[in-house]
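Asks: Take this structure first; my questions come after.
The values are calculated or read from the model by the stated rules, or taken from the named source; none is laboratory data. Everything quoted here is computed from the prediction, not taken from an experiment. Don't worry about glycine lacking a Cβ; one is built from the backbone with ideal geometry, like all the others, and counts go over all protein chains shown. With ligands, DNA and RNA removed, areas are computed over all heavy atoms of the protein, side chains included. Shrake-Rupley method; radii C 1.70, N 1.55, O 1.52, S 1.80 Å.
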Amino acid sequence: MTTILQISDTHIIPKGSLVSNVLDTSASLKKLVIRINKIRPQIENIDCVLVSGDISDDGSSESYERFKLILAPLLLPIYVIPGNHDSRENMRKAFLGSGIFQKNGPLNWHKKIGSVNLIGLDTLIEGQGGGILLPESLDFLKEIINKLKSEPIIIALHHPPFKTDIKFMDAIGLKNINALKNILSEYKGEIRIVCGHIHCMMVTNLNNHIALSAPSPCSTFSYDTRSNAPVGFMNIEDGCLLHHWNNGFNSIRIGLSCGSGPFPF
Ligand SMILES: [Fe+2]
């Protein structure tokens, strides 16, 4: 059994400021950490934390240090991929200790966690909202998939490899979805593709594998498919995901609050 906690789009900024003058993203993440530690006796052992991009809102080194301090009470290994708000080199420096990064180039990595092969893919184009899997990233994935044959895999990337119909998010989506799909088509085992970017949970199918996006602990984008939908975020603290492998994957959303109960039926 293997359990991976996926936290996405935390948008941490240096102390003393709010994201877009509205969100105290550090306070939201602290609440999530408290919530996770509270429910740990109820769930299987968590093996690691996967952070699927937009860790920082401004890409500053200070924001990555702040992020690490907030997550420290989880006492878990942390593996990260960049989102469009991140700085690749500041991230490389901040998370060098995880031992998964190359010295140069995209922040792609592969780490065996229990029974699951966790693969992180870098889709960041510095200075742009949209993302791409560079040829070297696609080759990196191809090589691992060819070696693994049928072991369970989680592929993590920031930009969803699917259309969301939220127009302003699709405009800054992944540019080469089909290139990823082609690599997955031959694989015999289970692959779960997980992402962030859209600050809400959406589930779809990618070449017979489930692909899903994680909510964000600090905000969400409304599912508004109108072409004139207002561009912006809602201040809902929406939570995170747990991916549990026990001869098959289950993905569970964990919110920041749990209500009261359980009340007997
Ligand atoms: Fe984000």
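Asks: Project the alpha carbons of segment 107-265 onto their principal axes and report the range along each, largest first, in whole Å.
Replies: The Cα atoms of segment 107-265 stretch 46, 46, 25 Å along their principal axes.
Asks: Normalised by the residues of the chain, what does the relative contact order come to in percent, with Cα pairs under 8 Å and at least six apart?
Replies: Relative CO of the chain lands at 20 percent.
Asks: OK, next. Which of the lysines could a cross-linker span from residue 31 if the Cα-Cα distance has to be under 19 Å and same-chain partners fewer than 8 positions apart are dropped?
Replies: Once the sequence-local lysines are set aside, what remains near residue 31 is 15, 68.
Asks: Given labels modelled 7 Å from the Cα in the Cβ direction, how far is it in nm from residue 201 to residue 265?
Replies: It is 2.2 nm.
Asks: Could you work out what % of the accessible surface of segment 98-153 is carbon and sulfur, using a 1.4 angstrom probe and leaving DNA, RNA and ligands out of the count?
Replies: Whole-percent figure for carbon plus sulfur exposure: 49.
Asks: By how many nm would the segment from residue 88 to residue 253 lengthen if fully extended, with 0.36 nm per residue of separation less the alpha-carbon distance?
Replies: Full extension of this stretch gives 56.6 nm more.
Asks: When we measure straight from the Cα of residue 167, which aspartates and glutamates land under 13 angstrom away, once same-chain ones fewer than 8 places off are left out?
Replies: Result set, ordered by chain and number: 224.
Asks: Determine the per residue accessible area of segment 2-254 with all protein chains present and a 1.4 angstrom probe, expressed in square angstrom.
Replies: I get 43 Å² per residue for this part.
Asks: Would you mind checking segment 4-31 for residues with the amide N under 18 Å from a putative spin-label position 7 Å along Cα→C-beta of residue 38?
Replies: 26-31
Asks: A follow-up question, please. Any lysines with Cα under 18 Å of the residue 163 Cα? List them, leaving off those in the same chain fewer than 8 positions away.
Replies: Straight-distance partners of residue 163: 175, 181.
Asks: How far apart, in nm, are the 7 Å Cα→Cβ label points at residue 30 and residue 72?
Replies: In this crude label model, residue 30 to residue 72 measures out at 1.4 nm.
Asks: Can you give me the orientation-averaged projected area of the convex hull built on the Cα atoms of segment 2-254, in nm²?
Replies: If I average the Cα hull's projected area over directions, I get 12.5 nm².
Asks: How do 203-212, 42-51 rank on mean C-beta neighbours within 10 Å, highest first?
Replies: Highest-to-lowest ranking by the protection proxy: 42-51, 203-212.
Asks: So which chymotrypsin sites (Phe, Trp or Tyr not before Pro) in segment 86-121 end up in coil per DSSP with only 12 or fewer other C-beta atoms within 10 Å?
Replies: Sites meeting the loop and neighbour criteria: none at all.
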